[in-house]
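The values are calculated or read from the model by the stated rules, or taken from the named source; none is laboratory data. Fair warning: this is a prediction, and the values are worked out from it, not measured in the lab. Ideal geometry is used to build each Cβ from the backbone, glycine not excepted, and the neighbour counts take in all protein chains shown.
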Amino acid sequence: MAFLIRTIDFTAAGREIIRDRVVDQNSLTIGRAAENDIHLPDLAVEQNHVRIDLQGDGTLAVAALGTLGFALDGRVVTEGTIDPRTGGEISLGAARFAVASEADGRTIITIRQVVADEGKGDALRGFALASVLPSKRAMSWAFASAILLLLLLVPVASHLLRSPAKPDPTGKTPGTVLMDSAWTSGELSLKHHSLKDNCESCHVDAFESVQDETCISCHKDTGDHAPMPRLAKGSPALSPGDALQWRIAEGFGKEGPLGCVACHSEHEGPKRQPAGGEAFCSDCHNKLDTRLTDTALANAHDFGKGHPQFRPVYFASFGAAKPVRAAPGAKPVERSGLVFPHDVHMNARGGAARMAVSLSQYGKPLECKDCHILTSDRLSFKEVKMEDSCEGCHSLVSGRTAAGGFSKLRHGDIKDLAEDLARVSSGPRARVGPARQRPGQIGSASPYRADFGRPVRAYIGLSNALSAGGVCTECHLPTRGPTGQADLFPVNLPDRFLSSGYFNHEAHKREKCTDCHAADTSKVASDLLIPDLKSCRDCHLGATAVKTKKIVPSDCAMCHAYHLPAGQWQGLRSPKGPAPHYKPRPQAAPSPAKTKVAAVLATARQKP
């Protein structure tokens, strides 16, 4: 006898698909295994789950082949009988098998997939929340109104009714605007993270970008890169697209491309403000002399390919009031007022080395770090002091004290030196004549000593110390004062030799000092031991260079800062009228400038 197996499936659009096939045999197996007559890819079905056998009386015997049963007409059983003439239904997992008899006597088994909760929806619908809640449309309008009220109207009303916020760099003042945190576009940077609950400290006016004047209220000591008129004139022209975007931004109250927020963006996460890339500097400095024809700065765009030679500052004459910058390519001669041969002190087999080995303060030949000590920030060096670095070998001891200690001459001021020498000169003199005394009145007095005449020994000692060949001229250059008296040239050394650059000595601690500074071969103190550009390029090239074990890609911000400490920023808007964006130092006269950066840009570019 044959079985007619009819499978009913549905497409995604809900269209019914019917497939028929005939199995000409007296028994069928159903299960998850592929070799079954009816294959059900359902994990709820065993590999070989049910067997259907045709009986002699025309009925079907259904039996479970595994441990799991099956549902027959709604009851879970392990075996049962179905009469095709009256029909029956078998349930296995999500499949339903409807058994019936055709007119020609064949048994038809119809297979269809059903949803687990099919038929139960109507019965359970009364218990759902949808039966008691408002409609979706009503809830949508209610939620939209609540958002509009809480996140827009409440913050705006609170902002309009609040008192003006005062600058608080510490961030300890709580905010007074309600629900304003819902407007934030991201977390603040690490430097401004303390202001997260006080939005109005920066956003003073509603729906307006943060203004320069607000930034300056806290950052009062931040110097500008250059006076604003020159900065505007030296900037390259904007592309048509950028110019259009800035015009639109200025229409919404945002200041021009030279404003604070043009570079310092916020709400990008709790991180440090990254330094601008190489292009940030080279856009202006690459061809700066074509826009600022009177500039003293050389063009620069890449440290490895286009960077001017270093021009360290130094004192070109003895006793000069101000240092000068070295001319490009020149070999400067420093007039510091000192006599100090580095090579003598760094010679590991010289007299200075042998003396240092014998002293407990050193115990070995002199090294650079014995005199040049890093500052607490590990970036620069402390001032070399005679008492700390030189006196171990160049003693200033002048005699013994009454208590058995040692007295020494003071260093640094010639007046102090003269007083110390006078004190030494006023000590006991040698006796005149033999120690035996004559009898009588003259013999009972104190013995005569060599105290006759003016006490000139102190003056002679001072003159000898300050003159050529004296103890002071071992390290200092002698000269003559206004009245012809012996004197010394003052020590003149700049605080920083590369005043426009930044150098981190801590980052180079693995390098030898002599790799950059030729101190071991320097015979005179007039040598300016500042490395040139070529020595730095042995390791540092531009930002686009390929990083290797020796080459370090270096952008401008590695050595240079944008904000200089020469002046102060000033707000673009002032209640008393126009004010320059750049506030000069007190001795300089203020230069007029328009309040709007865009106007300054336009005016500067109109000038030849």
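Look at the stretch 324-345: where a residue is touching a residue at least 60 places away in the same chain (Cβ under 8 Å) and at positive phi and a partner is part of a loop (DSSP other than H, G, I, E, B) and polar (S, T, N, Q), sitting 6+ places away or on another chain with Cβ atoms under 8 Å, you get Gly337/Asn492.
Name the residues in the stretch 234-283 that are among the aromatic types (Phe, Trp, Tyr) and surrounded by 12 or more Cβ atoms within 10 Å (Cβ to Cβ), would you?
Taking the stretch 234-283 and keeping what is among the aromatic types (Phe, Trp, Tyr), we get 246, 252, 280.
Result: Trp246, Phe280.
The single residue among Val471, Val491 that is under 20 Å from Glu391 (Cα atoms) and modelled with pLDDT under 90 turns out to be Val471.
State all residues of the stretch 1-35 that are of a type in the set (D, E, K, R) and surrounded by 14 or more Cβ atoms within 10 Å (Cβ to Cβ); if no residue qualifies, say none.
Of the stretch 1-35, the ones of a type in the set (D, E, K, R) are 6, 9, 15-16, 19-21, 24, 32, 35.
Within the stretch 1-35, Arg6, Arg32 qualify.
Please indicate, with yes or no, whether at least one residue in the stretch 300-318 is within 27 Å of Asp495 (Cβ to Cβ), aliphatic (A, V, I, L, M) and not in a loop (DSSP other than H, G, I, E, B). Looking for residues that are within 27 Å of Asp495 (Cβ to Cβ), aliphatic (A, V, I, L, M) and not in a loop (DSSP other than H, G, I, E, B), one finds at least one in the stretch 300-318, hence yes. Taking the criterion of being farther than 23 Å from Leu72 by Cα and in a strand (DSSP E or B), the only residue of the stretch 23-52 that qualifies is Asp24.
Could we say that Ile38 is loosely packed, with under 12 Cβ neighbours inside 10 Å and either modelled with pLDDT of 90 or more or of a type in the set (Lys, Arg) (or both) here? Working first, answer last.
On the way: loosely packed, with under 12 Cβ neighbours inside 10 Å: no; either modelled with pLDDT of 90 or more or of a type in the set (Lys, Arg) (or both): yes.
It is false that Ile38 is loosely packed, with under 12 Cβ neighbours inside 10 Å and either modelled with pLDDT of 90 or more or of a type in the set (Lys, Arg) (or both).
The condition of being surrounded by 17 or more Cβ atoms within 10 Å (Cβ to Cβ) and within 21 Å of Phe503 (Cβ to Cβ) holds for only one of Glu367, Glu334, that being Glu334.
This table checks each residue for (1) within 29 Å of the chain's Cα centre (by Cα); (2) not small (Gly, Ala, Ser).
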site: Ser463; (1), (2): no, no
site: Ala468; (1), (2): no, no
site: Val471; (1), (2): no, yes
site: Arg480; (1), (2): no, yes
site: Ala486; (1), (2): no, no
site: Phe503; (1), (2): yes, yes
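Considering the stretch 472-497 alone, what residues qualify as being assigned to a loop (DSSP other than H, G, I, E, B) and either of a type in the set (Phe, Trp, Tyr) or touching a residue at least 12 places away in the same chain (Cβ under 8 Å) (or both)? Spell out how you get there, then give the answer.
So the first thing to find is which residues in the stretch 472-497 are assigned to a loop (DSSP other than H, G, I, E, B), and the list is 475, 477, 481-485, 489-497.
Of everything in the stretch 472-497, those that are assigned to a loop (DSSP other than H, G, I, E, B) and either of a type in the set (Phe, Trp, Tyr) or touching a residue at least 12 places away in the same chain (Cβ under 8 Å) (or both) turn out to be Cys475, Leu477, Gln485, Phe489, Pro490, Val491, Asn492, Leu493, Pro494, Arg496, Phe497.
The single condition from (1) in contact (Cβ under 8 Å) with a residue 40 or more places away in the chain; (2) more than 22 Å from Glu506 (Cβ to Cβ); (3) assigned to a loop (DSSP other than H, G, I, E, B) that Asp520 fails is (3). Mind checking which pairs have a first residue in the stretch 246-261 that is at positive phi and a second that is outside any helix (DSSP H, G or I) and among the acidic types (Asp, Glu), Cβ under 6 Å, 6 or more apart or different chains? Taking only residues 6 or more apart or on different chains, the pairs are Gly253/Glu208. Which one is modelled with the highest pLDDT, of the residues in the stretch 183-208 that are surrounded by 15 or more Cβ atoms within 10 Å (Cβ to Cβ), polar (S, T, N, Q) and closer than 17 Å to His264 by Cβ? Residue satisfying both the conditions and the ranking: Ser189. Taking the stretch 370-400 as the search range and keeping residues that are surrounded by 13 or more Cβ atoms within 10 Å (Cβ to Cβ) and of a type in the set (Val, Ile, Thr), which one is nearest to Ala422 (Cα to Cα)? Filtering first and then ranking leaves Val384. Give the residue that is nearest to the chain's Cα centre (by Cα), with candidates limited to residues of the stretch 331-369 that are more than 17 Å from Thr521 (Cβ to Cβ) and part of a helix (DSSP H, G or I). For the stretch 331-369, the residue satisfying everything is Lys369. Figure legend. Inter-residue proximity from the stretch 404-421: first residues touching a residue at least 24 places away in the same chain (Cβ under 8 Å), second residues part of a loop (DSSP other than H, G, I, E, B), beta-carbon distance below 6 Å, spacing 6+ or different chains. Indicated pairs: Leu417/Leu409.
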